Amino acid sequence: MNQKWDERYKDSEFAYGTEPNVFFKEWLLKFEPGKILMPADGEGRNGVFAAQLNWNVTSFDLSSEGQLKALKLAKENKVTLEYIVGDLEQLEFEKNSFDAIGLIYAHFSAETKSKLHKKLDEYLKSGGIIIFEAFSKSHLDFKKANPKVGGPDNVNDLFSVSEILVDFEHYEILLLEEKEIVLSEGKFHIGTGSVIRFVGKKI
């Protein structure tokens, strides 16, 4: 899997652009900075944005090429972030140590996604925030009509509102919706798609 992402990120052009995800930006601005964990942070656009807001950022991804691009972007923006190359199934962080987690298009495999969500939950402090945006199960029809919008091909790798309610059951829901949106993120998220958006506060 890391080979796929290394191939995508090795070009000088940023695959998903250098601007933060619109939804992530909108919601992160509502909270006071602390420690944030950014799984599947790719080329670092969202982690770097968080660092610019004075968050203490720990990012990780499967791709060493993504790490190189993220650290370059951080340097250009005069911020720092810790960026680990690795798989969440093997990585371990201190429990109850993060104030926020940004899950932005963090599409884990169908077999592991719920288990990994539970693992991430352990790293979040009580009162901590999750900001989540990823493609919904309805998205496949949009991708068939326009492959440039991106996203997984397997419906089981996509998300539903009901899955989020199960995976993050001990959360105060600040927002949970399935929504049709227009994406303009680099060259791999272009066009109309369907997403699940979730912001939750850990009880």
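The values are calculated or read from the model by the stated rules, or taken from the named source; none is laboratory data. No experiment lies behind these values; they were computed from the predicted model shown. FYI the Cβ positions are ideal-geometry reconstructions off the backbone, even for glycines, and counts take in every protein chain you see. For the accessible areas, the whole protein counts, side chains as well, though only heavy atoms, and no ligand, DNA or RNA atoms are used. Shrake-Rupley method; radii C 1.70, N 1.55, O 1.52, S 1.80 Å.
Per-residue ellipticity at 222 nm from helix content only, as computed over the chain with -39500 (n - 2.57) for each DSSP H run of at least four residues, stands at -8500 deg cm²/dmol. Working from label points 7 Å from Cα in the Cα-to-Cβ sense, the H170 to E13 distance is 4.6 nm.
Working note: Karplus 6.51/-1.76/1.60 with θ = phi - 60° gives segment 134-139 the couplings 7, 5, 8, 5, 6, 5 Hz, where Gly and Pro are set to x. Give the shape of segment 3-123 as rounded, prolate or oblate, defined through the alpha-carbon gyration tensor: a ≥ b ≥ c are the square roots of its eigenvalues, a/c under 1.5 means rounded, and otherwise the shape is prolate if a/b is larger than b/c and oblate if not. Oblate is the answer for segment 3-123, as a/c is 1.5 or above yet b/c matches or exceeds a/b. Computed from backbone phi with θ = phi - 60° and the Karplus coefficients 6.51, -1.76 and 1.60, the 3J(HN,Hα) list for segment 95-112 is 5, 6, 10, 10, 8, 7, 9, x, 10, 10, 6, 8, 8, 7, 5, 4, 6, 10 Hz; x is used for glycine and proline. Loop-located GluC sites (Glu not before Pro) across segment 1-110 with a Cβ neighbour count of 15 or fewer within 10 Å are E13, E89, E92, E94, with loop assigned by DSSP. The 3J(HN,Hα) values that the Karplus relation (6.51, -1.76, 1.60; θ = phi - 60°) gives for segment 170-184 are, in residue order, 9, 10, 7, 7, 8, 7, 8, 7, 9, 9, 8, 9, 9, 9, 9 Hz. Gly and Pro appear as x.
Full-extension gain between N96 and S138, please, as 0.36 nm times their residue separation minus the C-alpha to C-alpha distance.
Details: separation 42, 0.36 × 42 = 15.12 nm, distance 3.37 nm.
Taking 0.36 nm per residue and subtracting the Cα distance, the gain is 11.8 nm.
Which of the GluC sites (Glu not before Pro) across segment 134-182 are loop residues per DSSP, with 11 or fewer other Cβ within 10 Å? Walk me through the numbers on the way to the answer.
Details: sites: E163, E169, E172, E177, E178, E180; in loops: E169.
Sparse-neighbourhood loop GluC sites (Glu not before Pro): E169.
The charge dipole of the chain, taken about the Cα centre with unit charges on the Cβ atoms of Lys, Arg (+1) and Asp, Glu (-1), comes to about 320 debye, rounded to the nearest 20.
Each residue, L29 and I84, gets one label point 7 Å from its Cα in the Cβ direction; the gap between the two is 3.1 nm. Placing R0 at 30 angstrom, the Cβ-Cβ distance between I190 and S160 gives a FRET efficiency of 0.80 after rounding to 0.05. Considering only C-alpha atoms, what is the centroid distance from segment 90-113 to segment 3-38, in Å? When both Cα centres are located, 15 Å separates them. Ligands, DNA and RNA left out, the accessible area of the chain computed with a 1.4 Å probe is 49% carbon and sulfur.
If you sort E133, E32 by accessible surface, 1.4 Å probe, largest first, the order is E32, E133.
Among residues other than E111 with Cβ under 11 Å from its Cβ, the summed charge is 0 (Lys and Arg +1, Asp and Glu -1). Proximity of backbone amide H atoms, modeled 1.01 Å from N, is registered between L175 and V199 at under 5 Å, excluding neighbours fewer than 5 places apart on the same chain.
A 1.4 Å probe run over segment 51-142, with the rest of the protein chains in place, finds 45 Å² accessible per residue.
Pull up the DSSP beta bridges for the chain and report the antiparallel fraction as a percent, rounded to 5.
Numbers: 21 of 38 bridges.
DSSP beta bridges in the chain are roughly 55 percent antiparallel.
Dimensions of the chain based on its C-alpha atoms, expressed as ranges along the principal axes with the largest first, amount to 42, 39, 31 Å. Exposure here means at most 15 other Cβ atoms within 10 Å; with trypsin sites (Lys or Arg not before Pro) in a DSSP loop as sites, the longest stretch of the chain lacking them is 96-186.
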